[in-house]
Amino acid sequence: MKRIVLLASGSGSNAQKIIEYFQDHDSIEVALVLSNKKTAGVLDRCDRLGVPAMYFNPSSFSGSNRLLECLLGIEPDLIVLAGFLKLIPSSWIEAFPKKIINIHPALLPKYGGKGMYGMNVHRKVKEEKETSSGISIHYADARYDEGALIKQVSCTLNSDDEPEDIARKVLALEHEHYPQVIESLLAD
Ligand code: GAR
C-alpha cells in the first residue's frame, strides 16, 4: 500500500473527503492525520472515521527534528497539507522532495502568501471584484504558496457573491479535485 500522511489545522472537511475517497482503495491508504491544533475539528472527524490522528506540539515541528524523524519512520509516499496553516520547515522539503503537496483556495500566484488563508482569501477576492476564483494544488516549498503548480481549477463568480458564497464554491472544487490529484500523483 502507498501511504498518505495528512496535516490539517482546522475543520478538516478536505481531510474527510480524502479519507473517504481512499477508504476502500486497492493501493492507497491514509496512514495518519496530524494536527498542530488540539481543538481542530479534523481530530474529531478522524475519530468518527476510525483513522489514526494525533495532535503534535508545534515545537516538535519547527523547533526540532522530532516530528520529522517520526515521519521518516512512517515512510509516507505523499504528505498532504489540507488546510494546514504552518510553514513547512526546509528540512522537511529536503527530506521529502516532491512529496509534500498543498491546496490553496485561490488561483495562485494571486491571493497567496503569509496571512492568506481561509476567509481572508475570499474577502480579498471579493474586495478586488474578481469575476473568477478557484483552487491551486501545488508542491509545498519553504515559502508560503510558492511551490510548483500541479493543477488549478477555476469557478465563475457573480457580482453579488459574498465571501461566504465564494468560499462555498471554492470548497466544492477542493473536495472534488484534491482526492483525484492525490490518486494520480501516487499512480505515477
Ligand atoms: C481550505 O479551503 C484550504 O484550501 C485552506 O483552508 C481550508 C481548510 O478547510 N487552506 C489555506 O488557506 C492554506 N493557505 P477544511 O479544514 O475544511 O479542509
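The values are calculated or read from the model by the stated rules, or taken from the named source; none is laboratory data. Computed from a predicted structure; not experimentally measured. For neighbour counting, all protein chains shown are included, and Cβ atoms are generated from backbone atoms with ideal geometry for every residue, glycine included.
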Kindly provide the set of residues from the range 1-46 that are under 23 Å from G118 (Cβ atoms), of a type in the set (K, R) and more than 14 Å from the ligand (Cβ to nearest atom), ordered by number.
-> K38
For the range 37-68, name all the residues that are without any contact (Cβ under 8 Å) to a residue 24 or more places away in the chain and aromatic (F, W, Y).
-> Y55, F56
Any residue in the range 47-59 that is within 9 Å of the ligand (Cβ to nearest atom) and within 17 Å of the chain's Cα centre (by Cα)?
-> no
Could you please give the count of residues in the range 27-39 that are in a loop (DSSP other than H, G, I, E, B) and under 13 Å from Q16 (Cα atoms)?
-> 0
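Condition check ((1) touching a residue at least 24 places away in the same chain (Cβ under 8 Å); (2) within 12 Å of the ligand (Cβ to nearest atom); (3) under 14 Å from the mean Cα position of the chain (by Cα)) across all residues:
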position: K110; (1), (2), (3): no, no, no
position: K114; (1), (2), (3): yes, yes, no
position: S132; (1), (2), (3): yes, no, no
position: I137; (1), (2), (3): yes, yes, yes
position: D160; (1), (2), (3): no, no, no
position: L173; (1), (2), (3): yes, yes, yes
position: H177; (1), (2), (3): yes, yes, yes
Contact list, first residue from the range 9-24 and modelled with pLDDT under 95, second anywhere and near the ligand (Cβ under 8 Å from one of its atoms), beta-carbon distance below 9 Å, six or more apart or interchain, is none
Residue hits (the range 31-53; out of contact with any Leu (no Cβ under 6 Å at 6 or more places or on another chain) and surrounded by 15 or more Cβ atoms within 10 Å (Cβ to Cβ)) are A31, L32, N36, K37, A40, G41, V42, L43, R45, C46, L49, V51
Filtering the range 40-53 down to residues that are in a loop (DSSP other than H, G, I, E, B) and over 17 Å from Y21 (Cα atoms) yields A40
If you go through the range 69-92 one residue at a time, how many are under 16 Å from I4 (Cα atoms), aliphatic (A, V, I, L, M) and without any contact (Cβ under 8 Å) to a residue 60 or more places away in the chain?
-> 1
Residues being more than 16 Å from the ligand (Cβ to nearest atom), among the small types (G, A, S) and under 26 Å from S136 (Cβ atoms) - total across the range 60-94 = 3
